[in-house]
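**Student:** Below is one structure. I have some questions about it.
The values are calculated or read from the model by the stated rules, or taken from the named source; none is laboratory data. Only a predicted model underlies this, so the values are computations on that prediction, with no experimental measurement involved. Counting neighbours? That spans all protein chains shown, and the Cβs are built from the backbone with ideal geometry, glycine included. The area values use the complete protein model at the heavy-atom level, side chains included, leaving out ligands, DNA and RNA. Shrake-Rupley method; radii C 1.70, N 1.55, O 1.52, S 1.80 Å.
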Amino acid sequence: MRNRRLIFIGMVLIFWVLIIATGLVYCQKSDPDSDIFEEILWASCAKFESWDTESSIYITSEIRTISASASSLMLIKCDKQIDQWLYRITFNCREITISGHEIVVMVGPESLSINGELYTTPDGVPFEKVVEYFAAKYKYFSPVR
């Protein structure tokens with residue numbers, strides 16, 4: 001009888017530990033320092049703008065052609081402020097998706113900003129290549145090619 005009682009108490013304790021552990025896993029808030037590049041990679045849509053046009057290009061198909069490459073750029077954090085952006089890409093833009101986390105990438109002549117964090121290329125890698133990359137992508141997605 002005593003063994004049955006101990007087994008029953010042990011099973012109840014294990015059950016409650018599993019319930020609490022499952023609750024902690026599912027109720028855990030997202031990490032505020034999550035990898036922004038990973039979020040860009042899984043974006044479902046984007047709004048692409050160029051400083052010299054008044055229209056926006058909305059991208060809902062082939063989004064991986066821009067998000068995969070943008071998330072794989074060789075970038076390091078810097079303090080080079082962007083006075084005038086050349087290209088702005090808003091991943092998961094609110095105009096298309098209401099539940100996504102909006103990520104704004106602004107490309108300047110010497111650096112780019114991702115949600116306010118500034119990045120540039122490492123020494124020996126000209127930042128102009130990044131600007132050329134975004135210029136080519138903008139041209140690719142532009143309705144008038």
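**Student:** Between Lys139 and Glu38, with labels modelled 7 Å along Cα→Cβ, what's the label distance in nm to one decimal, could you check?
**Tutor:** So the label points at Lys139 and Glu38 sit 3.5 nm apart.
**Student:** What are the aspartates and glutamates whose alpha-carbon lies under 20 Å from the alpha-carbon of Lys47, with same-chain residues fewer than 8 places away excluded?
**Tutor:** The qualifying aspartates and glutamates are Glu38, Glu39, Glu62, Glu95, Glu102, Glu117, Glu132.
**Student:** Full extension from Ser56 to Ile76: what is 0.36 nm times the residue separation minus their Cα-Cα distance, to one decimal in nm?
**Tutor:** Full extension of this stretch gives 4.4 nm more.
**Student:** Additional query: So how do Trp85, Trp42 rank on accessible area, 1.4 Å probe, biggest first, that is with the largest at the start?
**Tutor:** Trp42, Trp85
**Student:** Can you pull the Rg over Rh of segment 57-126, Cα-only, Kirkwood?
**Tutor:** 0.99
**Student:** With every protein chain kept in place and ligands, DNA and RNA left out, what is the accessible area per residue of segment 53-132? Probe 1.4 Å, answer in Å².
**Tutor:** Here the per-residue accessible area is 57 Å².
**Student:** How would segment 29-145 be classified by its alpha-carbon gyration tensor: rounded, prolate or oblate, with rounded meaning a/c under 1.5 and the a/b versus b/c comparison settling the rest?
**Tutor:** oblate
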